[in-house]
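Please treat every number below as a calculation from the coordinates, not as lab data. These numbers come from a predicted model, not from an experiment. Heads up, the Cβs are rebuilt from the backbone with ideal geometry, glycines too, and the neighbour counts pull from every protein chain shown.
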Amino acid sequence: MKMPLDVELYPTLLTMPRWFGTPEVQILPGRPEHYSIDEIEPGWFAVTDLDGDRIYCGLGPVTVERSPAPF
C-alpha cells in the first residue's frame, strides 16, 4: 500500500536580518508553531524546533511564519 505524500503548499519560512538589502529566508519543515524564538541577549536570537535542535542563532530580529503564497 502506498502512503500519501503530505505536501505543504504554504511552507514555513524563517526570515533573518537583511544583508545587502535583501532578507535572508530559509524554508523550514513543519508548521510555524513547531518553532520557538528566544532573545538570548539584546539583538541576538535563537530559533529552536520542538526537539530542542537549534535552527538559527545570530543577529535579529527573526520571524517564523507561514508563507503568504504557495510554492
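Some points to look at:
- If you go through the range 5-44 and keep only what is touching a strand residue (DSSP E or B) at 6+ places or on another chain (Cβ under 8 Å) and without any contact (Cβ under 8 Å) to a residue 12 or more places away in the chain, you end up with Arg18, Pro23, Glu24, Asp38.
- Within the range 4-57, the residues that satisfy the criterion of being surrounded by 13 or more Cβ atoms within 10 Å (Cβ to Cβ) and among the aliphatic types (A, V, I, L, M) are Leu13, Leu14, Met16, Leu28, Ile37, Ala46, Val47, Ile55.
- The strands (runs of 3 or more DSSP E) falling completely within the chain that include 2 or more residues that are in contact with a helix residue (DSSP H, G or I) (Cβ under 7 Å, 6 or more places away or on another chain) map to 63-66.
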